[in-house]
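Down below is the structure, laid out as structure tokens.
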Ligand code: N01
């Protein structure tokens, strides 16, 4: 058995969340270590190197706000930076704040067990290294546990295959190749136009059509970012208390159903031309809550798809008809729909032509073999819970998180689960995370956790643990809020519907970042209401 390394805190994951957690815990005087599976920092932006990968939140929002110097000195080049630029930013952050000396790369965590007799977590890596810590923070990411569907015959495929979230660092050369892409979510929508340009022939297998709005990505013009930087104090403050954590987004004041057809068109055209996801989602005040209002927006997008795609049958296949706009994560489009006008691109609807198997020569769907040299799985993730339940997490009485969450995840504020003292979660089920600007949500949670841990240390508190009562109330609240939106009308990863056998539970908190922040602050101000704080001296 290897030696145990004692630390105050173990943080799992070196993405946006884990790196900032390390910085804040150091600031609170703790000795912390980050364990990271990849051989570099960056989390999502380390793994997702597929062609076309770029953020869908504007750079002035999708960046840390905690350091004025950092946000003033970093120069973004594009409105929606691509993966290499974001990874450079995160590498810069790791260096600038001297984080690397406490980050262990190539270190995947296998288990985290709570020792009740000592109030300590033992965290074991796949290599067998062990760390003993008072605090453990899971910064494992919402979209880290990738999914390759179980399709018969994949092992017989004679070519190469890749999942978008495990893209080879050296890239993939598609020139002269026949390529099959399975999946048309955000990753597929970004990769497909670029693969289509390189490949000899591209066959796209679509199970669910996707709503996408134009990205209108471009290089930033001189002075543009400087103007934002000057206004950062005001913009960031607005974002912190807004619903989705964005500086410039504003919710429309009227219902889509109460304005004239001309006014609707004017508002929707302006939103479309804003090149943002929030534009259409917030264009009227009832797009996310009223099906008829939502349909107004959905119809507008479907009309744009028909305008863009030459072949009416293909256009119709690309039109989402079976779920409301925004109930599955919408995408930003950089040439996605227009790609289907290319002669070398072919769309297969797997609802009418189900994928039967993969053979040595390609993908067989609806009785036809679609020849392929390369298969790209853009098939998503076991979202929000997958990266947590992949670790053997055991709390009081040896109970596993997997077992506790077998009927769906249960958390208090998305920050803790009862029975797992001193184990904090970032961007977990019950948090606003994926429905908001992730970076701003992460900062809020990380700062809250660091304050809580600092408070515990100052007061001689050994354990902080959510009560069952508090988490039941929170889960009920999360469900009540999501029931006021249209989310349950879609088979989305928000509900776990993309993973066969996963309980259908709406996971994120849909009440908005601002409201959530106020709630967390109120809990802290009320001496961490809903948590039990146990003094070290009780033993
Ligand atoms: O994954 P997805 P993703 N046979 O789950 C299909 C973020 N993100 O990697 O919809 C055939 O959205 C599946 O079909 P269906 C963003 O939050 C952001 O694209 O389940 N098809 C779907 O079409 C996003 O939401 C950015 O019916 C199968 C696709 O595969 C999240 O990550 C970029 C199938 C999976 O789509 C996940 O996005 C990328 C099967 N057996 C990702 N199984 C940006 O910032 C699955 N599918 C821009």
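Which members of region 358-376 meet the condition of being without any contact (Cβ under 8 Å) to a residue 40 or more places away in the chain and away from the ligand (no atom under 16 Å from the Cβ)?
367, 369, listed by residue number.
Could you please give the count of residues in region 163-181 that are more than 20 Å from the chain's Cα centre (by Cα) and either closer than 29 Å to residue 434 by Cβ or crowded, with 24+ Cβ neighbours inside 10 Å (or both)? Walk me through it before giving the result.
Going through region 163-181, the residues more than 20 Å from the chain's Cα centre (by Cα) turn out to be 168-181.
Going one step further and asking which of them are either closer than 29 Å to residue 434 by Cβ or crowded, with 24+ Cβ neighbours inside 10 Å (or both), we end up with 168-169, 171-172, 179-181.
Number of matching residues: 7.
Tell me which of these residue 488 doesn't satisfy, since it passes every other one: (1) more than 20 Å from the chain's Cα centre (by Cα); (2) part of a helix (DSSP H, G or I); (3) within 16 Å of the ligand (Cβ to nearest atom).
(1)
Scan region 54-72 and report the pairs whose first residue is assigned by TED's automatic domain parsing to the domain that holds residue 277 and whose second residue is more than 12 Å from the ligand (Cβ to nearest atom), with Cβ atoms within less than 7 Å and a gap of 6+ or a chain change.
No pair meets every condition.
Contact list please: Cβ distance under 6 Å, first residue in region 183-199 and under 14 Å from residue 346 (Cα atoms) and in contact (Cβ under 8 Å) with a residue 40 or more places away in the chain, second residue more than 11 Å from the ligand (Cβ to nearest atom) and part of a loop (DSSP other than H, G, I, E, B), pairs at least six apart or on different chains.
193/335; 195/174; 196/342; 199/174; 199/177
Please work out which residue is farthest from the ligand (Cβ to nearest atom), limiting yourself to region 321-341 and to residues that are out of contact with any strand residue (DSSP E or B) (no Cβ under 7 Å at 6 or more places or on another chain) and over 15 Å from residue 186 (Cβ atoms).
Looking at residues that are out of contact with any strand residue (DSSP E or B) (no Cβ under 7 Å at 6 or more places or on another chain) and over 15 Å from residue 186 (Cβ atoms), I get 341.
Looking at region 72-170, what strands (runs of 3 or more DSSP E) fall wholly within it and have at least 3 residues that are within 15 Å of the ligand (Cβ to nearest atom)?
Counting at least 3 such residues, we get 160-163.
Conditions (1) touching a residue at least 60 places away in the same chain (Cβ under 8 Å); (2) in the same structural domain as residue 428 (by TED's automatic domain parsing); (3) surrounded by fewer than 22 Cβ atoms within 10 Å (Cβ to Cβ); (4) within 25 Å of the chain's Cα centre (by Cα), marked per residue:
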| residue | (1), (2), (3), (4) |
| --- | --- |
| 82 | no, yes, yes, yes |
| 99 | yes, yes, yes, yes |
| 106 | yes, yes, yes, yes |
| 109 | yes, yes, no, yes |
| 115 | no, yes, yes, no |
| 121 | yes, yes, no, no |
| 124 | no, yes, yes, no |
| 139 | yes, yes, no, yes |
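Got a number for residues in region 34-64 being in a loop (DSSP other than H, G, I, E, B) and more than 21 Å from residue 441 (Cβ to Cβ)?
From region 34-64, those in a loop (DSSP other than H, G, I, E, B) are 36-43, 48-53, 55-64; that's our starting set.
Add one more test, that the residue is more than 21 Å from residue 441 (Cβ to Cβ), and what stays is 37-40, 49-52.
Counting residues in region 34-64 that are in a loop (DSSP other than H, G, I, E, B) and more than 21 Å from residue 441 (Cβ to Cβ) gives 8.
Taking residue 379, is it in contact (Cβ under 8 Å) with a residue 40 or more places away in the chain, touching a helix residue (DSSP H, G or I) at 6+ places or on another chain (Cβ under 6 Å), closer than 20 Å to residue 203 by Cβ and surrounded by 15 or more Cβ atoms within 10 Å (Cβ to Cβ)? Explain how you work it out, then say what you get.
Details: in contact (Cβ under 8 Å) with a residue 40 or more places away in the chain: yes; touching a helix residue (DSSP H, G or I) at 6+ places or on another chain (Cβ under 6 Å): no; closer than 20 Å to residue 203 by Cβ: yes; surrounded by 15 or more Cβ atoms within 10 Å (Cβ to Cβ): yes.
Spelling it out, it is not the case that residue 379 is in contact (Cβ under 8 Å) with a residue 40 or more places away in the chain, touching a helix residue (DSSP H, G or I) at 6+ places or on another chain (Cβ under 6 Å), closer than 20 Å to residue 203 by Cβ and surrounded by 15 or more Cβ atoms within 10 Å (Cβ to Cβ).
Among 354, 324, 320, which is under 30 Å from residue 152 (Cβ atoms), modelled with pLDDT of 95 or more and buried (at least 20 other Cβ atoms within 10 Å of the Cβ)? Before you say what the answer is, go through the steps one by one.
Numbers: 354 fails: buried (at least 20 other Cβ atoms within 10 Å of the Cβ); 324 fails: under 30 Å from residue 152 (Cβ atoms).
It is 320.
The values are calculated or read from the model by the stated rules, or taken from the named source; none is laboratory data. The structure presented is a predicted model; accordingly, all values stated were derived computationally and were not measured. Cβ: placed from backbone, ideal geometry, glycine included. Neighbour counts: every protein chain shown.
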